[in-house]
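A.B. asks: Below you'll find the structure I mean.
We did not get these values from a lab; they are worked out from the coordinates using the rules stated. Just so we're clear, the structure is a prediction, and the values are computed from it rather than from any experiment. Cβ placement follows ideal geometry from the backbone for every residue including glycine, while neighbour counts extend to all protein chains displayed.
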């Protein structure tokens with residue numbers, strides 16, 4: 001319960017690991033080095049494999065050389081292969097050599113989007129002692145915005161390369177049982193306001209609340225008014241509002257999204273049946289969960305806004321942007337100031 005949060009250490013064993021090519025390649029290099037060490041000691045190097053499913057999405061190596069034409073994608077992809085030939089050949093070898101390791105090729109999509117739309121099963125089904133066993137999807141990733149997957153009802157967050165390698169080799173992540181802050185959403189977004197406006201308001205509120213090292217779970221009647229892409233937008237910003245995760249429970253919208261992104265009928269049915277049997281499925285008329293702390297937002301009060309000039313938690317209503325900007329120019333140097341003198345403000349650059 002909430003009274004044990006922050007006091008009890010627990011081992012967390014994620015169901016899988018997601019890597020991207022910038023931080024993930026060194027992890028694969030380490031696995032290859034372990035195979036060399038095994039061979040040098042007279043053992044079978046093929047016994048060195050990830051013990052949980054690992055997906056590496058190649059997306060950070062892209063460079064835009066051409067744009068604005070029908071040939072731009074093909075041209076940029078060809079240049080990408082030329083520049084990264086050795087790395088990509090190594091990753092292709094790794095996919096063939098290691099069990100439980102897949103590579104999503106270049107020019108496919110951004111890692112978080114691929115994870116959300118394609119990789120995440122929401123519920124796993126695997127053999128155990130000769131029988132199939134179902135269990136919730138969970139993961140760690142080598143990218144701070146891995147939290148985007150929380151929008152699909154999958155628990156996950158970003159970790160460093162060493163932690164990711166430990167999970168790949170079957171080791172748990174030891175952590176204090178986190179506090180869980182409930183964020184109740186009511187109402188619906190007014191016309192003209194977007195999920196971006198909502199997430200800036202959420203970020204502002206959670207920064208004021210103080211949720212560093214805590215889990216945030218969204219609940220309330222407002223959930224039914226948010227599409228899954230909107231939920232993913234809010235979950236993606238967890239690093240900006242300081243929480244470990246920004247979690248949305250699985251519900252009917254989750255199932256609709258899984259159908260729309262091509263998950264099989266059998267997989268969607270498994271998710272629905274398992275989550276309902278385990279009490280993980282969000283029902284509109286269910287009792288409110290028990291949280292360490294709560295806060296609430298009526299989404300009908302959200303206005304079009306932007307953030308800045310330097311920090312994502314410094315939200316500014318669009319109708320006050322001009323006055324705020326002029327104030328920031330002459331304010332002392334800091335999160336909301338540039339410290340310009342009066343003469344500097346009059347300077348024009350041709």
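A.B. asks: Over the chain, what lengths in whole Å, largest first, do the semi-axes of the equivalent ellipsoid take, defined as the square roots of 5 times the eigenvalues of the alpha-carbon gyration tensor?
C.D. replies: Values: eigenvalues 271, 174, 85 Å².
Equivalent ellipsoid of the chain: 37, 30, 21 Å, largest first.
A.B. asks: Based on alpha-carbon atoms only, what is the radius of gyration of segment 21-83 relative to the globular estimate 2.2 N^0.38 Å? Walk me through the numbers on the way to the answer.
C.D. replies: Details: Rg = 17.6 Å, N = 63, 2.2 N^0.38 = 10.6 Å.
Relative to the 2.2 N^0.38 Å estimate, segment 21-83 comes out at 1.66.
A.B. asks: With a 10 Å Cβ neighbour count serving as the proxy for reagent exposure, in which order, fewest first, do 10, 234 appear? Kindly include the intermediate steps, with their values, before the conclusion.
C.D. replies: Numbers: 10 12, 234 26.
Least crowded to most crowded, the residues run 10, 234.
A.B. asks: Counting only DSSP beta bridges with both residues in segment 94-214, tell me the antiparallel percent, nearest 5.
C.D. replies: Numbers: 6 of 10 bridges.
In segment 94-214, DSSP labels about 60 percent of beta bridges as antiparallel.
A.B. asks: Follow-up. Based on the mean of other beta carbon atoms within 10 Å per residue, what is the order of 316-326, 268-278, 145-155, 92-102, most packed first?
C.D. replies: Averaged packing, sorted descending, gives the order 145-155, 268-278, 92-102, 316-326.
A.B. asks: Could you please rank 194, 347, placing first whichever residue has the fewest other Cβ atoms within 10 Å of its Cβ? Show your work: numbers first, answer last.
C.D. replies: Details: 194 14, 347 8.
Lowest count first: 347, 194.
A.B. asks: In whole Å, how far is the Cα centre of segment 292-343 from that of segment 62-79?
C.D. replies: So the two Cα centres are separated by 37 Å.
A.B. asks: Can you tell me what share of the DSSP beta bridges in segment 1-177 is antiparallel? A percent to the nearest 5 is fine. Could you put the intermediate results ahead of the total?
C.D. replies: Details: 10 of 25 bridges.
Of the beta bridges lying entirely in segment 1-177, close to 40 percent run antiparallel.
A.B. asks: So, one more: Report for the chain the percent antiparallel among DSSP-assigned beta bridges with both residues inside it, nearest 5. It would help to have the intermediate numbers written out before the result.
C.D. replies: Numbers: 14 of 44 bridges.
Antiparallel bridges make up about 30 percent of those DSSP assigns within the chain.
A.B. asks: Label residue 4 and residue 81 with points 7 Å out from Cα along Cα→Cβ: what is the distance between them in nm?
C.D. replies: 5.4
A.B. asks: Once the Cβ-Cβ distance between residue 173 and residue 70 is put in as r, and R0 is 35 Å, what FRET efficiency do you end up with, to the nearest 0.05?
C.D. replies: On the way: r = 46 Å, r/R0 = 1.31.
The calculated FRET efficiency here is 0.15.
A.B. asks: Here's something else I'd like to know. Would you calculate the separation in nanometres between label points at residue 298 and residue 191, each defined as 7 Å from the Cα along the Cα-to-beta-carbon direction?
C.D. replies: Taking the simple label geometry, residue 298 and residue 191 are separated by 2.0 nm.
A.B. asks: Now for a different question. Report D for segment 116-231 in µm² per second (integer): Stokes-Einstein, Kirkwood Rh on Cα pairs, 20 °C, 1.002 mPa s. Provide the component values of the computation, followed by the final result.
C.D. replies: Numbers: Rh = 16.6 Å.
In µm²/s, the coefficient is 129.
A.B. asks: Using a 7 Å offset from the Cα along the Cα-to-Cβ direction at both residue 13 and residue 39, what is the distance between the two label points in nm, to one decimal?
C.D. replies: 3.0
A.B. asks: What whole-number value in cubic angstrom gives the convex hull volume per residue for the C-alpha atoms of segment 1-177?
C.D. replies: Working: hull volume 27.6 nm³, N = 177.
With only Cα atoms used, segment 1-177 gives 156 Å³ per residue.
A.B. asks: Same structure again: How would you order 238-246, 128-136 from highest to lowest mean count of nearby Cβ atoms within 10 Å? Don't skip to the answer; put the middle values down first.
C.D. replies: Details: 238-246: 23.3, 128-136: 10.1.
Highest-to-lowest ranking by the protection proxy: 238-246, 128-136.
A.B. asks: Can you give me the C-alpha center-to-center distance between segment 141-212 and segment 97-125, rounded to a whole angstrom?
C.D. replies: 19
A.B. asks: Over the chain, what is the relative contact order in percent, taking alpha-carbon pairs closer than 8 angstrom and at least six residues apart? Working shown, then result.
C.D. replies: Values: 627 pairs, mean separation 63.4, N = 350.
Once divided by the residue count of the chain, the mean separation gives 18 percent.
A.B. asks: Could the peptides 205-218, 77-90 be put in order, highest first, of the mean number of other beta-carbon atoms found within 10 Å of their residues?
C.D. replies: Numbers: 205-218: 18.8, 77-90: 13.6.
In decreasing order of mean packing, 205-218, 77-90 become 205-218, 77-90.
A.B. asks: Can you tell me the length gained on complete extension of the stretch residue 126 to residue 310, counting 0.36 nm per residue apart and subtracting the Cα distance? Before the final figure, lay out each step's value.
C.D. replies: On the way: separation 184, 0.36 × 184 = 66.24 nm, distance 4.66 nm.
Here the segment from residue 126 to residue 310 would lengthen by 61.6 nm.
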